[in-house]
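Participant: Sharing a structure here in structure tokens format.
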Amino acid sequence: MVAVKDKKVWFLREGLFAKYVMSLVGLVVFVLAVNGATETWISYRATKTTLVDGMSEKAAATAKRIDQSIYELERQISWVTRASVVTLEQRRADYAQLLNQISAVSQLSQLNGQGRELLRLSRTKIDVNSNIDFSRDARFTESVARGVNFSPVFFSGSRPMMSISVAHSGFNAGVSVADIDLTFVGDYLGDAQVGKNTFAYVVDPRGEVLATSARGPDIGKDLSRLPQVKAAIAPDGAPLTSGTDDNGYSVMTASSTVPKLGWVVFFEQPTAQALAPTRDQLVRVALLIGLGLIIAILAGTVMARRMLIPIT
């Protein structure tokens, strides 16, 4: 009978001891975990917001520079469409001068009021009175209707190209078509402009890469399947702040549109690199919880024993 009673007392005593220790340990771990999770979430949100805002500013600035450069090209091409030029030789002289002044212009063509080609001039070749019919070509019809036309991007080998067509002054006076080499757009995506851990690229409305930074995707690659690109080129799409790169890895992203052309400039950074500070903080929180757990067990053991002595 006495043995049964002693066994019961021992069981109750050890049960109380375990409850005291577990209660103290649980309380300490809970407080540390909640505090660590809160700080980590705040740090994550702050890091993401700061990074995306910074990339958004860079994307907007780059889109503005591209828009200004296209406007300047349009203005300079418009100079060769002035009404005072009346002869083919005068037009040829103006085209030659423009080719010498602007390296981005690779070829110039003059179309008459019926859309027939009268002159084609590049740095290596001259064609006169080829009489090729462009009357149904959008570069002619849109220019006559609106004054200026920007063609969709096309590729000459690996070089992205586009045409800027400007109607001549005067009724039924014809159109000048300038073929533009777009490799100069890549100059706006240098390491100094993009940053150390960030990469950037420009896509056309179809999602094809026109220009890229050193660590960006290849020129000419179709990225329309990527969620951030798909959203940006959609008519009613909203920009995303996260997406994937062409290798399937998660990235933080920011974009800005070149309104005149419908191109989209993207600045992106791999999520693993962007959230490295948050990951380091998670490690610190885990270490702190582990240290708190050890201290709580030791302190709980001592306190529980002291509390159980008078109870016993």
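The values are calculated or read from the model by the stated rules, or taken from the named source; none is laboratory data. Bear in mind that the values here come from a model prediction, so they are computed numbers and not experimental data. All Cβ positions, even for glycine, are placed from backbone atoms using ideal geometry, and neighbour counts span all protein chains on display. Side chains included, ligands, DNA and RNA excluded: accessible areas come from the protein's heavy atoms. Shrake-Rupley method; radii C 1.70, N 1.55, O 1.52, S 1.80 Å.
Participant: List the chymotrypsin sites (Phe, Trp or Tyr not before Pro) within segment 161-208 that DSSP assigns to loop and that have no more than 14 neighbouring Cβ atoms inside 10 Å.
Facilitator: The qualifying sites are F171.
Participant: Let me ask something else about it. From the backbone phi of segment 61-77, what are the Karplus-calculated ³J(HN,Hα) couplings (6.51 cos²θ - 1.76 cosθ + 1.60, θ = phi - 60°) in whole Hz, Gly and Pro given as x?
Facilitator: So the J values, rounded to whole Hz, are 5, 5, 4, 5, 5, 5, 4, 5, 5, 5, 4, 5, 4, 4, 5, 6, 5.
Participant: Could you state the per residue volume, in Å³, of the convex hull enclosing the Cα atoms of segment 73-148?
Facilitator: 95
Participant: Using only the heavy atoms of the protein chains and a 1.4 Å probe, how would I102, I294 rank by accessible area, largest first?
Facilitator: I294, I102
Participant: Grab the beta carbon distance between Q273 and K64, set R0 = 30 Å, and tell me the FRET efficiency rounded to 0.05.
Facilitator: Working from the Cβ atoms, E equals 0.65.
Participant: Test of understanding: what is the full-extension gain from A145 to R225, defined as 0.36 nm times their sequence separation minus their Cα-Cα distance?
Facilitator: 25.3 nm
Participant: Please work out the FRET efficiency for the pair T87 and F184, using the Cβ-Cβ distance as r and a Förster radius of 41 Å; give the result to the nearest 0.05.
Facilitator: 0.80
Participant: Still on this model: For a quick protection proxy, order the peptides 213-224, 126-137 by their average other-Cβ count within 10 Å, most packed first.
Facilitator: 213-224, 126-137
Participant: In addition: Residue by residue through segment 219-229, which ³J(HN,Hα) values in whole Hz follow from phi under the Karplus form 6.51 cos²θ - 1.76 cosθ + 1.60 (θ = phi - 60°), with glycine and proline marked x?
Facilitator: 5, x, 6, 8, 10, 5, 7, 5, x, 5, 6
Participant: Applying the Karplus parametrisation 6.51 cos²θ - 1.76 cosθ + 1.60 with θ = phi - 60° to the phi angles of segment 264-271, what ³J(HN,Hα) value in whole Hz is obtained for each residue in order, glycine and proline being reported as x?
Facilitator: So the Karplus estimates, Gly and Pro as x, are 10, 9, 10, 10, 9, 9, x, 4 Hz.
Participant: So what does the Cα-only Debye profile of segment 122-192 read at q = 0.21 Å⁻¹, as log10 I(q)/I(0), no solvent term?
Facilitator: Here the Debye-derived log intensity ratios amount to -1.01.
Participant: Here's something else I'd like to know. Once the piece of chain linking A192 and D127 is laid out straight, how much longer is it, given 0.36 nm per residue of separation minus the C-alpha distance between them?
Facilitator: Answer, rounded to one decimal: 19.2 nm.
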